[in-house]
Amino acid sequence: MTVQKIALTGIKSSGSPHIGNYLGAIKPALELTKDHEARYFIADYHAITTVKDKKLLEEQIYDMAATWLAAGLNPDEVIFYRQSDIPEVFELSWILACMTPKGLLNRAHSYKDSIEKNKEKGKDLDDGVHCGLYYYPVLMAADILAFNTNVVPVGQDQKQHLEITRDIAHAFNQVYGEILTVPEALIDDSVKTVPGIDGRKMSKSYNNVIPLYGPQKDLQKSISRIVTDSKGVNEPKDPDSCNLFALYTYFAAPEAVSAKREQYKSGGMGYGDMKNELFELIDAFVAEGRDKYASLMANREQIDWILEEGAEKARQIAGPLLQKVRHAIGIQ
Ligand code: TRP
């Protein structure tokens, strides 16, 4: 029997996932579960560094969980849990904090950005900066190191956090022996530029997203608003600079994509028709997930139950690891 590598990733709850999240994060992470032992969790205690609204946080946690389950995460194959249900992670995070050079955290991007913004505005450097933001990378290291993780599928924006995690693991191992597995980031660049409806990278902060499992009419509305040039029906068009075409390539079969490319070049097809076609394509693709999502959101106990089962399995891994760490540092 070949031993599979362990893949782990944290899902930060922040607003309803969109098509860009699906293509860039959810789909590749689910693909990885085919030949990895996967441990995926909702990073709810990371979310409180920014979300300070009880109702919103609760909603976002269910939203994330339902989305991943609807997208095909199979809880019998993937250990799927809430970070907050694993006390071992938080105990480990303190131990790791005591191995983390302060300078390492001073250089972490999100903390540094906050400080720099204050500087630009002439404010006190620490204004509005809480210790949770500063400590964020340590908690993330604990998330990862508590589970003997080999690979961490993440976006480019998390690369530095993974480097910090590796540094912390090395620092610990140097003092106490080879106890922690040093993980690697797995960054899939191939889909990083899923365009939003205005052509910029699809992102909530640009307000240009196409919803994943939202109501059908929202999907239709956002697709109808995708920006194109103003070429008429009969004019030849450039597929490679067209947002509609770019999105089409993610959902259509390769033969359909080549045929569409020719159609663009020869003219005779208007953007209105292309929008309809893209809508039909994405709508058919998300239909099953959308139903599953709606049914899970209407049965939240079912989500709780799945996540609790996952937490039990997760603690069976994190518990012995923490025991080993405690023992190594001299705490029984
Ligand atoms: N920081 C990650 C993000 O913002 C979420 C996260 C928390 C995470 N803990 C993790 C990702 C552990 C990978 C591994 O997306």
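Condition check: within 16 Å of the ligand (Cβ to nearest atom) and among the charged types (D, E, K, R). Does LYS217 satisfy that? When the stated conditions are applied, LYS217 does not pass them. So which residues in segment 129-144 are assigned to a helix (DSSP H, G or I) and more than 10 Å from the ligand (Cβ to nearest atom), if there are any at all? Those that are assigned to a helix (DSSP H, G or I) and more than 10 Å from the ligand (Cβ to nearest atom): CYS131, GLY132, LEU133, TYR134, TYR135, VAL138.
For segment 107-128, the set of residues classified as closer than 21 Å to ALA97 by Cβ, of a type outside the set (D, E, K, R) and assigned to a helix (DSSP H, G or I) consists of HIS109, SER110, TYR111, SER114, ILE115, listed by residue number. In segment 1-41, of all residues being of a type in the set (Lys, Arg) and within 12 Å of the ligand (Cβ to nearest atom), the one that is modelled with the lowest pLDDT corresponds to LYS12. Suppose the filter is surrounded by 16 or more Cβ atoms within 10 Å (Cβ to Cβ), modelled with pLDDT of 95 or more and in contact with a Gly (Cβ under 8 Å, 6 or more places away or on another chain); does TYR176 pass it? No, not satisfied. Residues that are hydroxyl-bearing (Ser, Thr, Tyr) and assigned to a strand (DSSP E or B) do occur in segment 77-89. Listed by first and then second residue, the pairs with beta-carbon distance under 9 Å, at least 6 apart or on different chains, first residue in segment 161-175 and without any contact (Cβ under 8 Å) to a residue 60 or more places away in the chain, second among the aromatic types (Phe, Trp, Tyr) and within 16 Å of the ligand (Cβ to nearest atom), are HIS161/TYR136.
The values are calculated or read from the model by the stated rules, or taken from the named source; none is laboratory data. Remember, it's a predicted structure, so these values are computed and weren't measured experimentally. No Cβ is skipped: glycine too gets one built from the backbone with ideal geometry, and neighbour counts run over all protein chains shown.
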